[in-house]
1. Pull out the extension gain between B:SER11 and B:ASN94, defined as 0.36 nm times the separation in residues minus the alpha carbon to alpha carbon distance; nm, one decimal.
2. Rounded to the nearest 20 Debye, what is the dipole magnitude of the protein assembly as shown about its Cα centre when Lys and Arg each give +1 and Asp and Glu each give -1 at the C-beta?
3. Report the extension gain between A:LYS62 and A:ARG84 in nm, rounded to one decimal, defined as 0.36 nm multiplied by the number of residues separating them, less their alpha carbon distance.
4. For chain B, what class follows from the C-alpha gyration tensor (a ≥ b ≥ c being the square roots of its eigenvalues): rounded when a/c is under 1.5, otherwise prolate if a/b is larger than b/c, else oblate?
5. Report the calculated FRET efficiency for A:ILE76 and A:GLU40 (r = Cβ-Cβ distance, R0 = 25 Å), to the nearest 0.05.
6. I want to check the label-to-label distance for B:PHE50 and A:MET5. Put each point 7 Å from Cα in the C-beta direction and report it in nm to one decimal.
7. Looking only at the range B:5-37, which residues have a backbone nitrogen under 13 Å from a spot 7 Å from the Cα of B:THR81 in the C-beta direction?
8. Straight-line reach from A:LYS51: which aspartates and glutamates have a Cα under 13 Å away, not including same-chain ones fewer than 8 places off?
Amino acid sequence: NAGVMQNPRHLVRRRGQEARLRCSPMKGHSHVYWYRQLPEEGLKFMVYLQKENIIDESGMPKERFSAEFPKEGPSILRIQQVVRGDSAAYFCASSPLKQGLYDEQFFGPGTRLTVL
Amino acid sequence: GEDVEQSLFLSVREGDSSVINCTYTDSSSTYLYWYKQEPGAGLQLLTYIFSNMDMKQDQRLTVLLNKKDKHLSLRIADTQTGDSAIYFCAETSNDYKLSFGAGTTVTVRA
C-alpha cells in the first residue's frame, strides 16, 4: 500500500514562472491537506480539500496560490509568478473518510521548491 | 495565531534517554502530536495525546503534557541510532488544522 506520493521532489523555478506541485493521496483517502515549511520554521497549514471541494483555505496567500483536488487524478498546488519568498518545502497529507474526532494525517515526503 | 516552539538540536549518546521539549500557546488545543521525519521521507506520526491526559506511554516513548504551562515533552528510552531524525511537535484545536514547531534534530552518537 503506497503512501502519499508527491512530485516532483525538487523543483527549481525562476522568478515569474509557475510552479505546479502534485500530490497523490493514499489509496482510499478522500481528504487532502497542504502545508508549507519556510526555512527554520514549522509547517504551516495552507488548505484542506476533499474531492472537487475546497473545505478550508484560510492558510493560503490571497494571491498567486491556488489548489484543487479533482474527481480524478492528484491534488495540485499551483503557484503563479513565483517569487523568492515562495522557496520552501511543501508537504501534502491525506486522511480517510472522517470516522471520529481524530483522523490521522499521513504525510508525503514533500516538494522542495527553490526560486532563483 | 498559534505558536509552537521547540529547541532545534539535541545530541544524545546511544542507550541514554532523549527528552525533547515543546511549548505551545493555544489554550484550546485538543490534540497534541509528535511526528518523526527521517531523511527523504514524509512525517510519520509517532504518538498523540488528548488534552485531558497528563501522560501517555507507548513502548519506549513517553509523552508528558502540562496543560497549565502548555508544555509537552517526548521521552525516548534507550535511544538507538535509528532514532536519529527530526522530531516535530504539533497541536490542533479543530480536527484537521495542525500547527507545527520547527522540529528538533536528534543526533544519536555511539
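1. The B:SER11-B:ASN94 span can extend by a further 26.5 nm.
2. Approximately 740 debye in magnitude.
3. Separation in residues times 0.36 nm, less the Cα-Cα distance, equals 6.2 nm.
4. prolate
5. Details: r = 27 Å, r/R0 = 1.09.
The value I calculate is 0.35.
6. 3.7 nm
7. Under 13 Å, as judged by backbone N against the label point of B:THR81, lie B:14-15 of the range B:5-37.
8. In chain and number order, the partners are A:GLU68, A:GLU72.
Here, each number is a calculation from the coordinates, and none is a lab measurement. Please read these numbers as outputs of a predicted model, since none were measured by experiment. All Cβ positions, glycine included, derive from the backbone under ideal geometry; neighbour counts span all protein chains shown.
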